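Have a look at the structure below, then the notes.
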Amino acid sequence: MVAFDFVKDAGEALPLAPSKGDPPADGRLAEAIRNRVRRLGLRAKELKIQVAGDTVNLSGVAPDQETHEKIILAVGNVRGVARVEDDMSTEYGRPNSSFYTVVRGDTLWRVAALYYNDGSRYQTIYEANRPLLSDPEDIFPGQLIRVPMD
């Protein structure tokens, strides 16, 4: 298992179903996260999402490393999630990117300049994070993003 830390107070706030007659809060958050992953079009065989407090455990089989990484980011960049424990496997592929935590004042241009010594390659980072990012300027402090490595 590999664990990834996220900023608990950063990320998308997911709507949770009311508690009356519904599963406990952890179960409601797990379902909301599962819906987010589906809505983003990220698929994995036998994907299981379990929440315990501010920690999410993932298991299942991603079709490739890119999808695997995007699922981790889709789950971790949710308000209230501080840690993602990754028990997923990948059908094929090996790690081909790094994760970067966005800080105040960052732009994708700045991150591209940091990793590639060429800010104009920001589009590479943007494409590597779609559908998690809907716009190249749609990043926030505390967010983890993928940075493909050449």
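The values are calculated or read from the model by the stated rules, or taken from the named source; none is laboratory data. Computed from a predicted structure; not experimentally measured. Positions of Cβ are backbone-derived with ideal geometry, glycine not excepted, and every protein chain shown enters the neighbour counts.
General observations
- Subset of region 67-117 [within 30 Å of Ala25 (Cα to Cα) and acidic (Asp, Glu)]: Glu69, Glu85, Asp86, Asp87
- Residue match in region 74-82 (condition: farther than 16 Å from Gly11 by Cβ, out of contact with any Cys (no Cβ under 6 Å at 6 or more places or on another chain) and not acidic (Asp, Glu)): no
- Considering only residues in region 93-105 that are assigned to a loop (DSSP other than H, G, I, E, B) and touching a helix residue (DSSP H, G or I) at 6+ places or on another chain (Cβ under 8 Å), the one that is farthest from Asp5 (Cα to Cα) turns out to be Gly93.
- Thr67 meets each of the listed conditions (1) under 13 Å from the mean Cα position of the chain (by Cα); (2) surrounded by fewer than 17 Cβ atoms within 10 Å (Cβ to Cβ) apart from (2).
- Against the test of being of a type in the set (Ser, Thr, Tyr), in contact with an Asp or Glu (Cβ under 9 Å, 6 or more places away or on another chain) and either in contact (Cβ under 8 Å) with a residue 60 or more places away in the chain or within 19 Å of Phe140 (Cβ to Cβ) (or both), the options Thr55, Thr107, Thr90 yield a single qualifying residue, Thr107.
- For region 27-56, a residue qualifies if it is in a strand (DSSP E or B) and surrounded by fewer than 19 Cβ atoms within 10 Å (Cβ to Cβ), and the qualifying residues are Lys45, Glu46, Leu47, Lys48, Gln50, Ala52, Thr55.
- Candidates Arg79, Arg34, Arg43, Arg39 - the one that is within 18 Å of Leu132 (Cα to Cα), touching a Pro at 6+ places or on another chain (Cβ under 8 Å) and charged (D, E, K, R): Arg43
- Residue match in region 82-90 (condition: under 20 Å from Phe4 (Cβ atoms) and either assigned to a helix (DSSP H, G or I) or out of contact with any strand residue (DSSP E or B) (no Cβ under 9 Å at 6 or more places or on another chain) (or both)): no
- Taking residues in region 60-85 that are among the acidic types (Asp, Glu), and partners anywhere that are part of a helix (DSSP H, G or I), the pairs with Cβ atoms closer than 9 Å and at least 6 places apart or on different chains are Glu66/Ala128; Glu69/Ala128.
- Selection count where residues are within 15 Å of Ser98 (Cα to Cα) and touching a helix residue (DSSP H, G or I) at 6+ places or on another chain (Cβ under 9 Å), scope region 117-140: 6
- Annotation note: of Ile139, Ile71, the sole residue that is of a type outside the set (Lys, Arg) and not assigned by TED's automatic domain parsing to the domain that holds Gly11 is Ile139.
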